[in-house]
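First up is the structure itself, then whatever we jot down about it.
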Amino acid sequence: MSTIKTSGVQKPVYAILIAISAAHLLNDLLQAVIPAIYPKLEAKYNLTFAQVGMITLCYQLAASIFQPVVGAYTDKNPKPYSQIFGMLFTMAGIALLAYAPNYEMILVSVILVGIGSSIFHPESSRVAFMASNGRRSFAQSVFQIGGNTGTALAPLLIAWIVLPNGQLYILWFLGFAILAQIVLAYIAKWYKDKLKIASRSTKKVIQVPDLSAFKINSAITILLVLIFSKYFYVASITSYFQFYTMDKFGLNEVQAQVYLFYFLIAVAVGTLLGGIFGDRFGRKYVIWFSVLGAAPFTLALPYVDLHLTGILIVIIGLIISSAFPSILVYAQELLPKKLGMVSGLFYGFAFGMGGVGSAVLGIWADATSIEHIYNICSYLPLIGVIAYFLPNMKKVKYKDAE
C-alpha cells in the first residue's frame, strides 16, 4: 500500500518556499539566456527563423524528455541533492554557449542546459509541495513566480551585459549558477532532514480521488491539451516577439528586449495571482478563465499599434500565466501517489510544446512572415473551452489508496 506522511493543518514553510522560488529564479534565468540571446546569434551566424526554432526545439526536448523519467525515479528514490547535480549541466551549457563557434555547438550547449532543467524541476516541485502544508496552489505559484521572474530578468540582463559586449560575456551568468548552488545546498539539507523525520514517523494512508480510471485519464488528457494551447502560444512570444516588434515597429534589439520583458514580468505576477485564486475559488475555474480568457486579447494583438501592443502583451501575460499552478496541482490531486512523475510529465510536456511550437513557427515564419504566425496563433486560447469538462475537485470524494 502506497503511503505518504501528511502534514496536518499547518502554515507553509515560508523559508523553504522562498528558497526554492529563488533557486527557480536563478535556474530559469539561466535557461532564458537562450531565447534572449537569439537576436545576437541570428545576426552573428546569419540564422533563419527555422534554425532559431531548432535551437529552442533541441533545448526544450532535452528539458522535457527526461523530466517524467526523473520524476518517476525520485517518487521511489528521493534525491535531495539532485538539483545541485542538475545545475552542473546548466553551468556547462552556459559556458559552452559563451564560446560556441558555430551553430552546431550552440545546439550542444542548449541541450546541456535542457538536461539541467529536466533534473531540477521534478524534485523542486516536490519540495514546494512538501513545504505547502495544504496550500498547494499557493506554494506552486510561489515556486513558479521565481522561475517566471528569472525568465523575465534574462532579456534585460542580456541587453545590459551581452548585447553591447559580445557573446563571450554570457560567462558572467555563471555567477548566478554559483549562487544557485548555495541556495540549493540549503534546500537539500532541509529536504534530507524532512525525509529522515518521515522515515521515523507513523505514516498515514494517502487519500486518492474516488474517480474511475477513465475519468482520471480523461482529465489528465484535457490538462495536457490545455498545456499545448498555452505553451504553443507562449512559444510564439518568447522566441519571436522580439523579431515581431523589430520588424513591424522598427525597434532596435534593446527596445525589443524591453517589450519582451513586459510580457515576462506580467507572466510572473499572473502566476502568483493564479495560485492564490486557485486555492480560494477552485482550480478548475482558474484554469478555464486563464486559458480561454486570454483569447479576446490575443485575437486583437496582431492589429494594434505599438502602444496598445505593450498594453495587450501585459494583459495576455497576466491572464494566460495564471493557469499553470492550478493545472499542476489539479493533476497532482488526480494522481497523488505519483507527485514526481506528474510534475515531470507536466513540466516536460510544457517545455516540449514550447520547443515544438518554436520549431514549427520558425519554419512557418520563413515561409510566410513573422506577423502571419501571430494572426494564426491568436486563436489558440480558444481551445480553453474544453476545461468545462474537468471534474470539480472540491466536490470529488476521496478514498484510501489501495
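Observations on the structure shown:
- Subset of region 82-117 (residues that are surrounded by 20 or more Cβ atoms within 10 Å (Cβ to Cβ) and either among the charged types (D, E, K, R) or in contact with a strand residue (DSSP E or B) (Cβ under 6 Å, 6 or more places away or on another chain) (or both)): none
- Qualifying residues in region 328-358 (those that are open to solvent by less than 10 Å² (accessible area, probe 1.4 Å) and hydrophobic (A, V, I, L, M, F, W, C)) - the one farthest from residue 111 (Cα to Cα): 334
- Some residue of region 384-402 being in contact with a strand residue (DSSP E or B) (Cβ under 8 Å, 6 or more places away or on another chain), open to solvent by 10 Å² or more (accessible area, probe 1.4 Å) and among the β-branched types (Val, Ile, Thr): yes
- Residue list for region 234-252, restricted to those being farther than 20 Å from residue 31 by Cβ and in a helix (DSSP H, G or I): 244, 245, 246, 247, 248, 249
- Count - residues of region 335-393 that are among the charged types (D, E, K, R) and in a helix (DSSP H, G or I): 2
- For region 302-323, the set of residues classified as assigned to a helix (DSSP H, G or I) and more than 30 Å from residue 224 (Cβ to Cβ) consists of 303, 306, 307, 308, 309, 310, 311, listed by residue number.
- Candidate set: region 231-257, residues that are of a type in the set (Val, Ile, Thr) and open to solvent by less than 20 Å² (accessible area, probe 1.4 Å); chosen: the one farthest from the chain's Cα centre (by Cα): 245
- Boolean, residue 260 is open to solvent by less than 20 Å² (accessible area, probe 1.4 Å) and either in contact with a Cys (Cβ under 7 Å, 6 or more places away or on another chain) or under 30 Å from residue 132 (Cα atoms) (or both): no
- Taken over region 303-319, residues that are under 20 Å from residue 384 (Cα atoms) and either over 21 Å from the mean Cα position of the chain (by Cα) or open to solvent by 10 Å² or more (accessible area, probe 1.4 Å) (or both) amount to 5.
- Test: residue in region 58-79 that is surrounded by fewer than 21 Cβ atoms within 10 Å (Cβ to Cβ), among the hydrophobic types (A, V, I, L, M, F, W, C), touching a strand residue (DSSP E or B) at 6+ places or on another chain (Cβ under 9 Å) and touching a residue at least 24 places away in the same chain (Cβ under 8 Å): no
- Taken over region 265-295, the criterion of being open to solvent by 10 Å² or more (accessible area, probe 1.4 Å) and either among the aromatic types (Phe, Trp, Tyr) or not in a helix (DSSP H, G or I) (or both) is satisfied by 277, 281, 285, 288, 289.
- Residue within region 338-345 that is under 19 Å from residue 151 (Cβ atoms) and at pLDDT below 85 present: yes
- All of 229, 218 fail the test of being at pLDDT below 90 and either part of a helix (DSSP H, G or I) or out of contact with any helix residue (DSSP H, G or I) (no Cβ under 8 Å at 6 or more places or on another chain) (or both), apart from 229.
The values are calculated or read from the model by the stated rules, or taken from the named source; none is laboratory data. Bear in mind the structure is a predicted one, so any value in this text is a computation, not a measurement. Note that each Cβ is placed from the backbone with ideal geometry, even for glycine, and that neighbours are counted across all protein chains shown. Keep in mind that these areas ignore ligands, DNA and RNA; they rest on the heavy atoms of the full protein, side chains included. Shrake-Rupley method; radii C 1.70, N 1.55, O 1.52, S 1.80 Å.
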